[in-house]
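Written out below as structure tokens is the structure these notes cover.
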Amino acid sequence: MPIEKPGQIHPSWLAVIGDELEKPYMQALRHFLKEEKVAGKIIFPPSPLIFNAFNHTPFEQVRVVIIGQDPYHGDGQAHGLSFSVPKGIAPPPSLLNVFKEIASDVGIRMGKNGDLTPWADQGVLLLNATLTVEQAKAGSHQNKGWEIFTDAAITALNAHREHLVFVLWGSYAQKKGAFIDESKHLVLKSVHPSPLSAHRGFFGNHQFSTINQHLIRQDQTPIDWQL
């Protein structure tokens, strides 16, 4: 069950990266967010959902990590899970391309529901590098401290877990995950599912079946990608 109080994060994550929350960069980030709201700016996702990815996928339950960049900056789109939108919100183009690849790869026909919460609840950490954004201003909260925090989360997974699958779509995610130990974990890379790049190697990458084959080899239940 997700934690619905602003600023809270699942205890399993606090045990491994809780110290980050008290570091100067996070204090500065909290001050920045507070000042932005005082100035009347609209920040996405809503405060109770900022740590949604961590709260739906506790540390010890992570099996797959899909790294995104920023939350969606349109009204009602961001809810704290990378690539995901709440039910009732039209899936953005990149997510539609993800659905096309799933249909092609594993034969699951995806509908118009873009809420990936069922994936998160099965152990897919849907982690954006930056956890907040100003309305209608893509990238507006980059380099404010979130990247350090999410690097710490990836570092903890890399160090303390084994046989995870890290999914790195596009150059940004690949740079962020460059330090992952590929002798301990499966690292899957391709171009981003954006319409600008999907035809250059995202379509046909068969990563969803590859993920499940890896999980089965680890005697784990495969991910049910159907929404």
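The values are calculated or read from the model by the stated rules, or taken from the named source; none is laboratory data. No experiment lies behind these values; they were computed from the predicted model shown. Don't worry about glycine lacking a Cβ; one is built from the backbone with ideal geometry, like all the others, and counts go over all protein chains shown. Each accessible area value is taken on the protein alone, full model and side chains, heavy atoms only, with ligands, DNA and RNA left out. Shrake-Rupley method; radii C 1.70, N 1.55, O 1.52, S 1.80 Å.
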Taking only segment 111-134 into account, find how many residues are within 26 Å of residue 58 (Cα to Cα) and either among the aromatic types (Phe, Trp, Tyr) or open to solvent by 30 Å² or more (accessible area, probe 1.4 Å) (or both).
5
Search segment 207-227 for residues being in a loop (DSSP other than H, G, I, E, B) and exposed (fewer than 15 other Cβ atoms within 10 Å of the Cβ), and hand back the single one that is farthest from the chain's Cα centre (by Cα).
219
Criterion first (over 30 Å from residue 40 (Cβ atoms), part of a helix (DSSP H, G or I) and in contact with a helix residue (DSSP H, G or I) (Cβ under 6 Å, 6 or more places away or on another chain)) does residue 159 satisfy it?
no
Can you confirm whether segment 164-179 contains a residue that is of a type in the set (D, E, K, R), in a loop (DSSP other than H, G, I, E, B) and at pLDDT 95 or above?
no
Cβ-Cβ under 6 Å, sequence separation 6+ or interchain: first residue in segment 157-173 and surrounded by fewer than 13 Cβ atoms within 10 Å (Cβ to Cβ), partner among the charged types (D, E, K, R). Which pairs?
162/184
Helices (runs of 4 or more DSSP H) contained entirely in segment 8-90, each with at least 1 residues that are in contact with a Lys or Arg (Cβ under 7 Å, 6 or more places away or on another chain) and open to solvent by 30 Å² or more (accessible area, probe 1.4 Å)
24-38
Just one of (1) open to solvent by 50 Å² or more (accessible area, probe 1.4 Å); (2) more than 24 Å from residue 75 (Cα to Cα) trips up residue 153, so point out which.
(1)
Some residue of segment 203-215 being closer than 27 Å to residue 155 by Cβ and without any contact (Cβ under 8 Å) to a residue 12 or more places away in the chain
yes
